[in-house]
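Peer 1: Sending over a structure as structure tokens; questions will come in a sec.
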Amino acid sequence: MSDDLFNPPSGLPKIWIGIDPGEHTGIAIYSKADGLKLQTLTFWKTIDFLSQYILPRMGKEADFFVVIETPQYNNFMYGRNVDSRKVAEALRIARNVGMNQGDAKRLTQFLKIHNIPVEEFTPGPRDQKWPAPYFKHLTGIETAQTAEHVRDAARFISRFWIDDLTRRQKM
């Protein structure tokens, strides 16, 4: 991820939240006080989380900044030669991407309606997913707790927690 990817509000927020929408939405929450917390939720549980965790604290005890993956421009079909025997698989993937697009759009709208600072992030071809062993090495968090969507959500906000977590591990 490039350093100019995010445009956080002036002054660093106290709490960073990464969201990777999908059937199993990954959420990563980072604050210096509590470290890195991870969870996997359904779409509606994600809305509940945002409503119960963020909205009551807005402007009072915490400043938030959310980074959400928006796969609008990810078109996995272009540039690929899809074997006719794999059309069903390609269509399944396309359907899942479309569902993720809808979830990301609704979550982003919810955040914007409530004036929660949000940065939409579309992964590019150079953005590498973090395998579970690498994520465990970085965070010390057991792999059983780290579904791919959760690791992706944490990766989206990693520039804000990785140095702090590394320092904590050395203590």
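The values are calculated or read from the model by the stated rules, or taken from the named source; none is laboratory data. Keep in mind that this is a model prediction, so the values were computed, not measured. Heads up, the Cβs are rebuilt from the backbone with ideal geometry, glycines too, and the neighbour counts pull from every protein chain shown.
Peer 1: Looking at the range 15-59 only, could you name the residues that are outside any helix (DSSP H, G or I) and among the hydrophobic types (A, V, I, L, M, F, W, C)?
Peer 2: Hits for the range 15-59 are Ile15, Trp16, Ile17, Ile19, Ile27, Ala28, Ile29, Ala33, Leu36, Leu38, Leu41, Met58.
Peer 1: Yes or no: the range 68-80 includes at least one residue that is buried (at least 16 other Cβ atoms within 10 Å of the Cβ), assigned to a loop (DSSP other than H, G, I, E, B), at pLDDT 85 or above and over 14 Å from the mean Cα position of the chain (by Cα).
Peer 2: Scanning the range 68-80 turns up no residue that is buried (at least 16 other Cβ atoms within 10 Å of the Cβ), assigned to a loop (DSSP other than H, G, I, E, B), at pLDDT 85 or above and over 14 Å from the mean Cα position of the chain (by Cα).
Peer 1: Take Phe156 and tell me if it is surrounded by 12 or more Cβ atoms within 10 Å (Cβ to Cβ) and modelled with pLDDT under 75.
Peer 2: no
Peer 1: Can you tell me which residues in the range 18-50 are closer than 20 Å to Arg159 by Cβ and crowded, with 17+ Cβ neighbours inside 10 Å?
Peer 2: Gly18, Ile19, Asp20, Gly26, Ile27, Ala28, Ile29, Tyr30, Ser31, Leu36, Leu38
Peer 1: Sort out which residues of the range 130-148 are of a type in the set (D, E, K, R) and at pLDDT below 85, and write them in order of number.
Peer 2: Correct list: Glu142 only.
Peer 1: Moving on to the next point. Tell me which of these Ala132 doesn't satisfy, since it passes every other one: (1) more than 17 Å from Leu41 (Cβ to Cβ); (2) aliphatic (A, V, I, L, M); (3) in contact (Cβ under 8 Å) with a residue 24 or more places away in the chain.
Peer 2: (3)
Peer 1: Restrict the check to the range 45-59 and report whether at least one residue is within 17 Å of Asn100 (Cβ to Cβ), basic (Lys, Arg) and modelled with pLDDT of 90 or more.
Peer 2: Yes - at least one qualifying residue is present in the range 45-59.
Peer 1: Out of all the residues in the range 103-121, which are in contact with a strand residue (DSSP E or B) (Cβ under 7 Å, 6 or more places away or on another chain) and more than 19 Å from Ile29 (Cβ to Cβ)?
Peer 2: Lys112
Peer 1: Might you let me know whether the range 159-171 holds any residue that is at pLDDT 90 or above, of a type in the set (A, V, I, L, M), touching a strand residue (DSSP E or B) at 6+ places or on another chain (Cβ under 8 Å) and part of a helix (DSSP H, G or I)?
Peer 2: Among the residues of the range 159-171, not one is at pLDDT 90 or above, of a type in the set (A, V, I, L, M), touching a strand residue (DSSP E or B) at 6+ places or on another chain (Cβ under 8 Å) and part of a helix (DSSP H, G or I), which makes the answer no.
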